[in-house]
Structure formats: structure tokens, C-alpha cells
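Accompanying notes for the structure given below.
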Amino acid sequence: MSAESGSSYQKNGGGVELLNAPKLTHGTAYTLAERAALGLEGLIPPSVENIERQADRVRQQLGSKPDDLERYIYLNQLADTNETLFYHVVMADPAYFLPILYDPTVGYACLKFGHLYRRPRGMYISLQHKGRIRQVLSNWPVKDVRVICVSTGGRILGLGDLGANGMGIPIGKLQLYTACAAVPQDALLPILLDCGTENQGLLADPLYLGLRQRRPADDEMTGFVDEFVEAVQNVFPSCCIHFEDWRGTDAVRFLARYQNQVSCFNDDIQGTGSVVVGGLFNALQIKKERFRDQTVLFFGAGSAGLGNARMIVEAMKLDGLSNEEARGRIWMFDINGLLETSRTDLSPEQQLYVHPHAPSKDLLAVVEFVKPTILIGVSTVGQSFTQPVIEAMARANDRPIIFALSNPTEKAECTPDQAYRWTRGKALYAAGVQFPPVTYNGKTFLPGQANNFYVYPAVGLAVWATNTRRVTDEMFITAARAVASQVTDEQRGLGLLFPLQKDVLEAEVRTAGAVATVIFDRGLARVERPRDVDPWLRGLLYRPEYVPVR
Ligand code: NAI
């Protein structure tokens, strides 16, 4: 809390309002002098606590909750009442809190969003606001918004179309900007772009909070999103738009439409691609192999699959291959089978990866034919990497690389336990969620979490600090390298492909420094280049501490 805001409450005699202001309150941590000066005497119990004591109470209350969903609800209520304390608790132990605030719990919270709803957070821009989105956006009280995270709820994790229930995702994603990369919350705005839903269960649910209509045709959707993107440029001219969890086809086409026009990125495409390439840098280092020599098979060819493919192509090009050669090393499989030349149902982005091959819906047969060195699951289909599929990978490779990235937990294409057992401990494995360590044959493996939270908060920190004009693929490749470089040899020996979650803040700040340097090098920053990027960035970080009132 700033001294100024404290004094203004004092002048207005509004002690209660101050106490109830989530961004300002210190709760029981006000000193006796502050209580007297701010008109708070008698409004708080007599004991004067510090933030550590308050945090102890939070942890104790969390401990009595029966499950992570209840902990998620409790934590979000804390964020609504005392934001500083919320971030103080979360930033002290990110490894514990990430799975509660984010994957997988946020997915379960989205499924029940209308039932768990307490109070509004962020903004809901709906088709009803067509023609006046600019005016509606102006209702947001903060004027210098630097990053908007926006979802249509079109494809929430692997849970499908959740319509307005998807709001849990932009809220959670932006909480992680602060929790993992110390970006101040005031700069961030979660938005749910409500375009209806195809989810009949939600449309029939009396407690559903979104528009009760089906999604519009592509043309109408394009006009609506165009208006939204333009309105953001007008109302928040320094703002970057982070697209998250849109329907796969929308994710791909809207990124292509806006990426060279405005400051924006799609986390499912670029963030996931970046974190996967980061994990692959480490896996290949363990195998002492090069990117250019890999053959990759994707199970799932939606926004995550295409985003990963795009980044892997970039990494292969940096390793000396041409565009054509790199794409030729990537195979894809979707709900209708292998992407091959006779398919007529493919988008232009999917057509880049077709191969001359007979039609096939048999993943095992394709694995045996292609002999991929890397198998990546982004299909939303849990347990689709069966024992025969994994064993075929192990026959073709001494150390098969197997990433089962679908979320939440039960959607993972295989578990680490299965991957290590079926390859006799040879797999280099990562999942989208954090699985516990696995012991096989007396050896303990640490399965990595290939989750874009290693990348997007760092990119967000760099974007916020530099006020960049554009976000480019080069920034995501840079982030991939920076994340990968923070895993030690010893950790790689245990199969770890990503930094430990307990070190996430340090990892993100270093990664952000590398990304910010690219932004300055390319002349995209709208702030002056500091002499030394790293200390400059560290000096800007949010700290979850109360500022004494003078
Ligand atoms: P999407 O809906 O755009 O794509 C899903 C793809 O899987 C489509 O190509 C679809 O045809 C294919 N598919 C569906 N059923 C299939 C089946 N039975 N056999 C073969 N292919 C099938 O979804 P998106 O955005 O690509 O996400 C996919 C999954 O990846 C989700 O579970 C999501 O949570 C996860 N993901 C994980 C991330 C991470 O950081 N670990 C980041 C982004 C996504």
C-alpha cells in the first residue's frame, strides 16, 4: 500500500473502506500508530501481527480443507480480501501452490464455475456488446493495462467448450504472472470473450453465468474479435493481448491474423511450443543428439500440436535444416488419423505436415512405420499411449522421448509410471501436469512438467517491462533456451528436463531477461534500453510486502 493511498483514506475518514480494499489492506498487520492515524482503532482485533504470522494462519486454514478444489476456493477468496497476503503465501512456496491455482485444479474449478462463483473478477465482454466494446472496456478502472489474457472458453484444457466457465483460466493465468514472475497485478486484466457455447450441459444449467446461445459462424466471430482487438488498441495502447484456450481453429487463425499487426501472442501455440522445445533441448543434451536428426510424431494436431510443430521447425532450422527439410521430419495424427496427402479435411496449417502415406487410424502401426525419436501427445485423450505404442517407441530408440502433455491429469496420454515401466526406465518423459517422482528398478525419476507456465509469465514480464510493440517467435525460442539452460547436469541425470518448481521465480526472471534483451536488440521496446537488463528488470519486480503507512 502506498503512503498516499493510506492518507487519502485517513482524510476521508474511511477506515473501513481501507480495511476492505483488497489491494491496500494490511489487515491485522497495521501498527497501533497506523490504526490511530487511519481511523482503524476498534475495527481490528488488538494483536498486531506481521505478514509472516498472517501467512501461518492462512497455511493452517488451508491445511484443514478437504481437497485442492476447496483450497482453490479459499485462496481465491483470500485474493479477493487481501491481495498482498495472497501473493506472499503463494510466492513463498510455488511448487505447492501451482497445482492448486493452476493445472489441474483450475480445470475442475472451471467445470463448476457458475456454481462456485463468489464475486466478479476481470471483465466479461459478450456478443451483446458488439458495436460498443471500446466503451465497455473503458469501464475498467485501471488505465495503463499492459497485458490482457483473453479466452473464449472454446477449449478449456482438455475439457472442451466451457463457454463463460472458462473465465477461471485467464484469472489463473494472470495470477501466475505475479506468482511466478512478479509482474504487478494492476498491469494485468483477465477477460472472457463470451461468444456463447456449444456445451448443451451448460446451456441447460440454471446456474450457468454466460450467454445462453450457440457460438456464431466464423465470419461473425471474426468481426467481433476484430472489434475487440481494435478496442484494446484504443483503450489500452500499451497492452499486449495474450490469447488462451480458444477453440483450436480459432487459436490458429486469429494468431495469424493479428501477430504482425499488434502486440499479441497465443500461449497454447507459442508458449507450449517454447516449453516443449526447452524440454527437448535438455532431452537431446542427455542423448547427445541434435535437433536436425530427430523425427517427431504428434498425437493431436490442434493449437498445441501445431504450435509445438512450428517451434520445433524453428529449432531445426537453427540447427541447419531448411523449412522443407524440417517440416518433413514432423508427422501428425488427429482425430481422423494420420495427416497424409489424401486428407481433404485439413486446415492450411495442418497441410504443412502431410506425408505421402496410406490413410491410417492406427497409432501403433504409424509409430512402427515412422519410427519417431520423439512422440508428443496433445490430443486431450487420456491413456491413448498404450503399452504396445510405448514399447514400439522403446524398440525404435535407445532413449525414446515421450511427452504426454494433455491436461488435466486424467487426460495425460500416459503416466510417467507407465512410460518408465514400459521402456524399462529408458524414457525421457514429461507431462502437462506435475506427477510425483517414480521409482523403477531401484532408480528414482523426476518426471518433468512441460507446462507453459515456465514461459508465458517470463514473456509477460519482459513484455510488461519493455512495453514491446510486437511479440515474435524468436522471443519464444529464446525463452526455450533460457529455461533449458537452468537445468543442471545433476538434475538431467535424474531425468529432469525443466527447472524445479521451487525455483520458478528465479527461472522466470532470468528467462525474462533473455527475452527482454531480444526485444531491445530488435528495436521493439517502447522504453529506453537500460545499461544492464538483468538488474533493471529485478528492480521492477513486484514484492508481496506491506508498505508502511507514513
Ligand atoms: P485442440 O482441441 O486444438 O486439439 C486437439 C487435437 O487432438 C485435435 O487435432 C484433435 O483432432 C486431436 N484429437 C482429439 N481426439 C483424438 C483422438 N481420439 N485421436 C487422435 N487425435 C485426437 O486442443 P489443444 O489446444 O491443441 O490442446 C490439446 C491438449 O493439450 C489439451 O489437453 C491441453 O490441455 C493440452 N495443452 C497442454 C499444454 C501444456 O503446457 N502442457 C499447453 C496447451 C495445451
Is one or more of the residues making up segment 181-191 more than 23 Å from VAL90 (Cβ to Cβ) and not assigned by TED's automatic domain parsing to the domain that holds ARG538? no
If a residue counts only when it is surrounded by fewer than 21 Cβ atoms within 10 Å (Cβ to Cβ), which strands (runs of 3 or more DSSP E) contained entirely in segment 404-459 have at least 2 such residues? 438-440, 443-445
In the set ALA304, ALA315, which member is in contact with a helix residue (DSSP H, G or I) (Cβ under 7 Å, 6 or more places away or on another chain), in the same structural domain as PRO372 (by TED's automatic domain parsing), touching a residue at least 60 places away in the same chain (Cβ under 8 Å) and closer than 23 Å to THR249 by Cα? ALA304
For GLY172, indicate whether it is within 16 Å of the ligand (Cβ to nearest atom) and over 17 Å from the mean Cα position of the chain (by Cα). no
Residue ranges of helices (runs of 4 or more DSSP H) in segment 60-177 with at least 2 members in contact with a Ser or Thr (Cβ under 9 Å, 6 or more places away or on another chain) and more than 20 Å from TYR208 (Cα to Cα): 68-81, 83-92
So which residues in segment 274-304 are at pLDDT 95 or above and within 14 Å of the ligand (Cβ to nearest atom)? SER274, VAL275, VAL276, VAL277, GLY278, GLY279, LEU280, LEU297, PHE298, PHE299, GLY300, ALA301
Examine segment 393-401 for a residue that is within 11 Å of the ligand (Cβ to nearest atom) and either on the phi < 0 side of the Ramachandran plot or hydroxyl-bearing (Ser, Thr, Tyr) (or both), and state whether such a residue exists. no
Of (1) part of a loop (DSSP other than H, G, I, E, B); (2) more than 24 Å from THR478 (Cβ to Cβ); (3) charged (D, E, K, R), GLU368 satisfies all except one. Which? (1)
Looking only at segment 306-365, filter to residues that are of a type in the set (Lys, Arg) and more than 13 Å from the ligand (Cβ to nearest atom); which one of those is surrounded by the fewest Cβ atoms within 10 Å (Cβ to Cβ)? LYS317
Going through segment 428-457 in order, the residues found to be under 14 Å from LEU375 (Cα atoms), touching a residue at least 40 places away in the same chain (Cβ under 8 Å) and among the aliphatic types (A, V, I, L, M) are LEU428, ALA430, ALA450
Of the candidates ASN407, ASN452, the one satisfying the condition of being touching a helix residue (DSSP H, G or I) at 6+ places or on another chain (Cβ under 7 Å), within 30 Å of LEU537 (Cα to Cα) and within 15 Å of the ligand (Cβ to nearest atom) is ASN452
Collect the residues in segment 249-267 that are crowded, with 24+ Cβ neighbours inside 10 Å and within 10 Å of the ligand (Cβ to nearest atom), keeping them in residue-number order. ALA251, ASN266, ASP267
Pairs only if they're at least six apart or on different chains, beta carbon under 6 angstrom, first in segment 368-391 and within 17 Å of ALA427 (Cβ to Cβ) and not assigned by TED's automatic domain parsing to the domain that holds THR423, second within 12 Å of the ligand (Cβ to nearest atom) and modelled with pLDDT of 95 or more; list them, first residue then second. none
Within the bounds of segment 79-87, is there any residue that is under 19 Å from PRO170 (Cα atoms), surrounded by 21 or more Cβ atoms within 10 Å (Cβ to Cβ) and in contact with a strand residue (DSSP E or B) (Cβ under 9 Å, 6 or more places away or on another chain)? no
Collect the residues in segment 87-106 that are farther than 15 Å from TYR177 by Cα and in contact with a Gly (Cβ under 8 Å, 6 or more places away or on another chain), keeping them in residue-number order. VAL106
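The values are calculated or read from the model by the stated rules, or taken from the named source; none is laboratory data. These numbers were taken from a predicted model, which means no experiment stands behind them. We place every Cβ from the backbone using ideal geometry, glycine too, and count neighbours over all the protein chains shown.
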